[in-house]
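Quick notes on the structure that follows.
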Amino acid sequence: MRSKSIVWIVLLALTLGLVFLMPRLGGSQNSPNSIAQNSPLSQPATNQNMPGMNMGGTKSPTPLSSLPPAPMSSVTQMNGLVMPPGMIMTSDMSMEAMEDMAAVDLTKIAYTAPVDARGDETLTPKLENGVKVFNLDVSLIKWNILPNVQVAAYAFNRQVPGPRIRVTEGDRIRIVVKNNLPEPTTVHWHGMILPNNMDGPADVTQKPIAPGASYIYEFTVKQAGTYFYHSHKDVDRQQTLGMYGALIIDPKNKPKTPAYDQDFVVQLQEWTVKQGYTFPAMPMEGLMPNFFTINGKAYPSTETINAKIGQKIRFRFIGSNNAFIHPMHIHGGPFKIIETDGNPLPAVAQIEKDTINVAPGERYDVIWTAREKGKWLLHCHIAHHATNDNVEVEGGGGLVMIINVT
């Protein structure tokens with residue numbers, strides 16, 4: 001009985017409250033229904049009554065004269081390091097992270113390569129007791145990717161890319177690496193079957209090679225095909241700034257691949273150059289690339305390939321780049337893919353295409369036939385990658401080459 005009394009008291013209080021409030025709300029004019037209808041939440045959402053949500057619609061564009069000037073970003077200095085424009089700096093960013101993303105220290109460069117110097121020069125070995133011995137020296141250099149554009153690079157033997165090492169399947173090879181960088185490094189032999197302690201990852205299979213020190217890599221070559229070598233210490237910095245080179249291994253026995261007349265290596269790379277400073281190109285704020293190179297040069301300074309009608313050219317595409325994919329396209333007809341990552345494809349798997357995505361670390365060997373006379377382009381089909389700092393020069397830039405067929 002007591003609980004029923006409490007319920008009745010509550011109901012009575014609610015009724016009296018409504019009777020008391022209705023006159024103050026304006027009677028039927030502001031009934032609960034009309035209040036809901038007049039609520040802002042009941043109104044259709046419009047750009048005008050939702051701050052920050054004006055999507056344009058039919059509104060006319062702001063006159064050019066009324067637009068604010070674009071803010072000019074610039075390279076900055078942080079603890080003695082040169083940081084790229086647009087880099088988001090936070091209080092919890094470590095010094096190690098900043099060093100990784102900073103510009104190459106120009107005060108530590110002692111050598112400038114000639115403007116017309118070429119990378120990927122074949123390295124001649126010495127023969128010692130049946131072992132082919134190669135010497136690689138790593139240092140900081142200044143390198144021209146165009147006559148008027150110079151980058152600061154990490155380089156093998158003072159060239160970008162590093163020298164081409166060409167050997168034969170079954171060879172015993174020894175590579176002596178001298179580190180003249182101001183920081184530790186190692187070298188990885190990408191895709192190779194070899195003893196684990198020769199593989200190269202820093203702090204995993206070996207201690208990093210200290211500045212001024214040397215390290216000897218030695219193994220027997222057990223494969224044939226297209227491979228490459230590159231830094232495996234602070235890879236997103238050292239390799240990205242030029243520390244890589246081609247490793248071409250000819251088969252010991254007669255190859256089963258289709259015949260060809262010319263053999264050309266295509267090593268791809270991205271560069272971030274701002275206000276005279278060179279930063280490691282990365283897919284992040286402030287480090288997106290604005291220059292692109294084939295074998296260390298940007299078009300129109302890339303090499304021109306001369307061919308005759310009917311000749312077949314073997315292109316060895318090497319993903320020596322570190323952070324971006326390049327769909328490489330050749331004008332003038334399709335090519336046949338004969339090897340991937342150094343592995344020959346059986347005839348039934350040798351498909352024809354005219355564009356192939358080359359990701360970091362990948363290699364594709366293709367054979368292209370010169371079918372018609374003229375200048376045929378080989379280029380990346382991401383349009384920005386075929387420009388020089390967003391500008392076309394002589395019909396292109398960056399990852400562009402000409403095949404001149406006569």
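The values are calculated or read from the model by the stated rules, or taken from the named source; none is laboratory data. Note that the structure is predicted; figures quoted are calculated from it, not measured. In this analysis, Cβ positions are derived from the backbone assuming ideal geometry, glycine residues included, and neighbour counts consider all displayed protein chains. Ligands, DNA and RNA are excluded from the accessible area calculation, which covers all protein heavy atoms including side chains. Shrake-Rupley method; radii C 1.70, N 1.55, O 1.52, S 1.80 Å.
I'd like the full set of residues that are over 21 Å from T226 (Cβ atoms) and open to solvent by less than 60 Å² (accessible area, probe 1.4 Å), limited to region 371-394. Passing the criteria: G374, L377, H385, A386, T387, N388, V393. Within region 307-322, the set of residues being surrounded by fewer than 21 Cβ atoms within 10 Å (Cβ to Cβ) and out of contact with any Pro (no Cβ under 9 Å at 6 or more places or on another chain) comprises A307, K308, I309, G310, Q311.
All of Y260, Y299, Y277 fail the test of being farther than 24 Å from N404 by Cα, among the hydroxyl-bearing types (S, T, Y) and either surrounded by 22 or more Cβ atoms within 10 Å (Cβ to Cβ) or at pLDDT 95 or above (or both), apart from Y277.
Identify, please: which residue in region 104-130 is under 26 Å from the mean Cα position of the chain (by Cα) and among the acidic types (D, E) and is, among those, surrounded by the most Cβ atoms within 10 Å (Cβ to Cβ)? So the residue we want is D120. Counting only strands (runs of 3 or more DSSP E) that sit wholly inside region 82-189, not one has at least 2 residues that are within 28 Å of G342 (Cα to Cα) and touching a helix residue (DSSP H, G or I) at 6+ places or on another chain (Cβ under 6 Å). Beta carbons closer than 9 Å, at least 6 apart along the sequence or on distinct chains, pair a first residue in region 92-112 that is farther than 18 Å from G286 by Cβ with a second that is assigned to a loop (DSSP other than H, G, I, E, B) and open to solvent by less than 30 Å² (accessible area, probe 1.4 Å) for K108/L181.
If you check L136, L127 for being hydrophobic (A, V, I, L, M, F, W, C) and over 26 Å from E362 (Cα atoms), only one passes: L127.
Look at (1) open to solvent by 50 Å² or more (accessible area, probe 1.4 Å); (2) in a helix (DSSP H, G or I) and you find that P211 fails only one, number (2). In region 242-297, what residues are more than 14 Å from the chain's Cα centre (by Cα), within 22 Å of V75 (Cα to Cα) and among the charged types (D, E, K, R)? Across region 242-297, the qualifying residue is only K274. Would you be able to say whether some residue in region 236-252 is out of contact with any Pro (no Cβ under 6 Å at 6 or more places or on another chain), in a strand (DSSP E or B) and over 21 Å from R316 (Cα atoms)? Looking for residues that are out of contact with any Pro (no Cβ under 6 Å at 6 or more places or on another chain), in a strand (DSSP E or B) and over 21 Å from R316 (Cα atoms), one finds none in region 236-252, hence no.
Look at T304 and say whether it is open to solvent by less than 50 Å² (accessible area, probe 1.4 Å) and of a type in the set (V, I, T). It is false that T304 is open to solvent by less than 50 Å² (accessible area, probe 1.4 Å) and of a type in the set (V, I, T).
The residues listed here are M243, M198, M288; of these, the one that is free of Cβ contacts under 8 Å to residues at least 24 places away in the same chain, out of contact with any helix residue (DSSP H, G or I) (no Cβ under 8 Å at 6 or more places or on another chain) and either small (G, A, S) or within 30 Å of I88 (Cβ to Cβ) (or both) is M288.
Taking the criterion of being under 23 Å from the mean Cα position of the chain (by Cα) and open to solvent by 20 Å² or more (accessible area, probe 1.4 Å), would at least one residue in region 167-177 satisfy it? No, there is no match, as no residue in region 167-177 is under 23 Å from the mean Cα position of the chain (by Cα) and open to solvent by 20 Å² or more (accessible area, probe 1.4 Å).
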